[in-house]
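Peer 1: Got a structure here, written out as structure tokens. Questions coming.
The values are calculated or read from the model by the stated rules, or taken from the named source; none is laboratory data. Being a predicted model, the structure only gives us computed values, none of them experimental. Here Cβ is always computed from backbone atoms with ideal geometry, including for glycine, and neighbour counts include all displayed protein chains. Keep in mind that these areas ignore ligands, DNA and RNA; they rest on the heavy atoms of the full protein, side chains included. Shrake-Rupley method; radii C 1.70, N 1.55, O 1.52, S 1.80 Å.
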Amino acid sequence: MKDMEWPACLDEYEKLVIRMNTPRVVIDNAVCPTATLVKVDSARRHGILLEAVQVLTDLNLLIKKAYISSDGRFFMDVFHVTDLNGNKLTDESVISYIEQSLETIHYGRSNSFNGLTALELTGTDRVGLLSEVFAVLADLQCSVVEAKVWTHNGRIASLIYVKDCNSGSPIEDSQQIDRIEARLRNVLKGDNDIRSAKMTVSMAVTHTERRLHQMMFADRDYERMPVLRHSTDYPVVTVQNWADRSYSVVNVQCKDRTKLLFDVVCTLTDMEYVVFHATINTAGERAYLEFYIRHIDGTPISSEPERQRVIQCLEAAVGRRASEGVRLELCMEDRQGLLADVTRTFRENGLNVTRAEISTQRDEALNIFYVTDEMGNPADPKIIEAVRQKIGLSNLKVKELPMIYHQKGESEEQTVGVGGTVLLSLGSLVRRNLYNLGLIRSHS
């Protein structure tokens with residue numbers, strides 16, 4: 001293992017412990033008939049569970065079961081994982097990447113968006129807000145390379161990575177940064193969000209999705225009531241104290257989805273709780289998570305207000321990524337102002353973006369949008385089709401429909417999407433992510 005710079009907070013004994021107890025990783029395809037087992041034994045420190053889960057979820061792997069246990073200064077994790085199609089992991093490049101990543105998590109991980117400027121935005125969500133944000137960036141000659149946008153309880157958080165569209169360099173000119181901040185802050189404020197709208201340029205040293213959780217937590221989205229609730233499948237969170245063992249026992253029951261465990265562990269970690277033991281199980285579409293936690297100082301949750309706050313925050317953590325709506329995928333040649341044009345078309349047709357993932361590979365835009373109508377209801381299929389006609393049928397495709405469409409009993413529900421579009425089959429996002437990381441070559 002190559003030498004790396006140690007974090008300043010570690011003393012010599014802690015460094016020795018890490019050297020002596022470099023995580024031992026075993027990936028086993030023989031034990032379980034339905035999943036690949038990933039076993040990790042390591043010295044324990046705060047946050048290491050989150051980093052292990054992050055390695056797996058960044059590859060869009062599904063964690064079907066997990067067992068976490070710590071004893072003194074050591075912890076042991078066993079994860080049952082599959083790809084998005086529910087298959088075991090057989091790609092050697094994926095297995096090798098998991099092994100190498102888990103063996104080095106003691107050194108910490110951060111984003112690899114070198115050469116980009118990171119913009120953090122939070123404020124009150126409204127129809128067309130994203131369109132206004134991307135229009136401002138296009139006007140200021142900022143090229144959006146990557147971005148993620150979450151909305152929850154009437155609030156929006158976005159982390160946008162940009163570069164100068166002319167030079168291709170990060171934006172470092174202080175006057176230009178001031179212009180970007182001023183104009184985006186005005187967009188976020190709108191007519192009624194003068195106090196809570198925030199826009200900052202960050203150093204982008206934190207994992208993007210962890211940072212989004214932190215931004216929404218700081219914005220206190222968990223204290224706000226949803227503007228509209230169309231789903232009846234809310235997470236059920238309970239917190240009880242096990243006095244004999246000085247643990248607080250947290251149970252979460254909800255619909256299973258990708259990155260669920262990451263979202264819950266991320267929130268517990270950033271609230272400065274330590275997970276000592278945990279059991280994660282899934283059955284059908286349901287997920288059952290149980291955690292035995294304490295504060296960093298070793299004490300359990302000590303008051304009813306604190307217990308309620310943990311419940312609220314975990315409900316929010318589950319809900320932020322569970323955006324409803326039609327999932328649209330945009331794949332076409334990237335150009336300056338593309339995002340502004342696409343999101344303007346959404347706005348002009350009364351579509352609201354509830355979540356977005358923006359990425360580029362070389363000169364190609366690969367973007368995902370979840371959209372509803374202006375009131376948060378399922379979008380009219382005719383409007384979706386009109387938007388696709390405007391942007392290009394081959395460029396904008398329906399990937400996934402919300403459950404309400406399937407509940408209508410349409411005979412074509414499993415094969416045909418909005419406006420007669422054939423739904424795309426799940427591609428290998430694992431291989432796409434490895435391509436992004438430069439670990440495999442494109443077949444094109």
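Peer 1: Answer yes if at least one residue in region 260-273 is among the β-branched types (Val, Ile, Thr) and surrounded by fewer than 16 Cβ atoms within 10 Å (Cβ to Cβ), and no otherwise.
Peer 2: No, that holds for no residue.
Peer 1: Would you mind telling me which numbered condition in (1) open to solvent by less than 70 Å² (accessible area, probe 1.4 Å); (2) part of a helix (DSSP H, G or I); (3) modelled with pLDDT under 95 ARG432 fails?
Peer 2: Only one criterion is unmet by ARG432, namely (1).
Peer 1: So which pairs qualify, if the first residue must be in region 47-64 and acidic (Asp, Glu), the second must be surrounded by fewer than 23 Cβ atoms within 10 Å (Cβ to Cβ), the Cβ gap must be under 8 Å, and the two must be at least 6 apart or on different chains?
Peer 2: GLU51/ILE105; GLU51/GLY108; GLU51/ARG109; ASP58/ASN433
Peer 1: If you check every pair at least six apart or on different chains, which have Cβ atoms under 7 Å apart with a residue in region 283-296 that is within 7 Å of VAL249 (Cα to Cα) first and a residue that is crowded, with 16+ Cβ neighbours inside 10 Å and not aliphatic (A, V, I, L, M) second?
Peer 2: Listed pairs, sorted by first residue: TYR292/TYR247; TYR292/PHE276; TYR292/HIS277; ILE293/TYR247; ILE293/SER248; ILE293/TYR273; ILE293/PHE276.
Peer 1: Exactly one of these conditions fails for ALA218: (1) open to solvent by 60 Å² or more (accessible area, probe 1.4 Å); (2) touching a Gly at 6+ places or on another chain (Cβ under 7 Å); (3) more than 21 Å from GLY376 (Cβ to Cβ). Give me its number.
Peer 2: Failing condition for ALA218: (2).
Peer 1: Hey, among THR82, THR117, THR104, which residue is out of contact with any Asp or Glu (no Cβ under 9 Å at 6 or more places or on another chain), more than 30 Å from ALA379 (Cα to Cα) and either at pLDDT below 95 or small (Gly, Ala, Ser) (or both)?
Peer 2: Answer to the selection: THR104.
Peer 1: Taking into account only those residues within region 387-417 that are in a helix (DSSP H, G or I), surrounded by 15 or more Cβ atoms within 10 Å (Cβ to Cβ) and not charged (D, E, K, R), which is modelled with the lowest pLDDT?
Peer 2: Out of the qualifying residues, it is TYR405.
Peer 1: Separate question: Is region 347-358 home to any residue that is open to solvent by 20 Å² or more (accessible area, probe 1.4 Å), outside any loop (DSSP other than H, G, I, E, B), among the aliphatic types (A, V, I, L, M) and over 20 Å from THR57 (Cβ atoms)?
Peer 2: No: region 347-358 contains no residue that is open to solvent by 20 Å² or more (accessible area, probe 1.4 Å), outside any loop (DSSP other than H, G, I, E, B), among the aliphatic types (A, V, I, L, M) and over 20 Å from THR57 (Cβ atoms).
Peer 1: Within region 296-346, restricting attention to residues that are open to solvent by less than 20 Å² (accessible area, probe 1.4 Å) and among the hydroxyl-bearing types (Ser, Thr, Tyr), which residue is nearest to the chain's Cα centre (by Cα)?
Peer 2: Checked region 296-346; the qualifying residue nearest to the chain's Cα centre (by Cα) is THR343.
Okay, residues lined up against (1) modelled with pLDDT of 95 or more; (2) closer than 18 Å to GLN336 by Cα; (3) open to solvent by 20 Å² or more (accessible area, probe 1.4 Å):
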| site | (1), (2), (3) |
| --- | --- |
| ARG126 | no, no, yes |
| VAL133 | yes, yes, no |
| VAL136 | yes, yes, no |
| ALA147 | yes, yes, no |
| ARG155 | no, no, no |
| SER158 | yes, no, no |
| ASP164 | no, yes, yes |
| ASP173 | no, no, yes |
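Peer 1: Those residues that are open to solvent by 50 Å² or more (accessible area, probe 1.4 Å), over 19 Å from LYS259 (Cα atoms) and touching a residue at least 24 places away in the same chain (Cβ under 8 Å), I need them from region 73-98; list them, please.
Peer 2: Result: ARG73, PHE74, MET76, THR90.
Peer 1: Something else: Somewhere in region 192-199, is a residue within 30 Å of ARG309 (Cα to Cα), in contact (Cβ under 8 Å) with a residue 12 or more places away in the chain and over 25 Å from the mean Cα position of the chain (by Cα)?
Peer 2: Yes, that holds for at least one residue.
Peer 1: For region 244-258, state whether one or more residues are in contact with a Leu (Cβ under 6 Å, 6 or more places away or on another chain), modelled with pLDDT of 95 or more and either closer than 30 Å to ALA35 by Cβ or surrounded by 15 or more Cβ atoms within 10 Å (Cβ to Cβ) (or both).
Peer 2: Checking region 244-258: at least one residue is in contact with a Leu (Cβ under 6 Å, 6 or more places away or on another chain), modelled with pLDDT of 95 or more and either closer than 30 Å to ALA35 by Cβ or surrounded by 15 or more Cβ atoms within 10 Å (Cβ to Cβ) (or both).
Peer 1: Just need a number here: residues in region 41-66 that are more than 20 Å from the chain's Cα centre (by Cα) and either buried (at least 22 other Cβ atoms within 10 Å of the Cβ) or under 20 Å from TYR273 (Cβ atoms) (or both).
Peer 2: The total comes to 5.
Peer 1: Can you list the strands (runs of 3 or more DSSP E) found entirely within region 203-295 that contain at least 1 residues being among the charged types (D, E, K, R)?
Peer 2: Qualifying strands (runs of 3 or more DSSP E): 247-255, 286-295.
Peer 1: So GLN361 passes all but one of these: (1) within 17 Å of the chain's Cα centre (by Cα); (2) at pLDDT below 95; (3) not aliphatic (A, V, I, L, M). Which condition number does it fail?
Peer 2: Checking GLN361 against (1) within 17 Å of the chain's Cα centre (by Cα); (2) at pLDDT below 95; (3) not aliphatic (A, V, I, L, M), the one that fails is (1).
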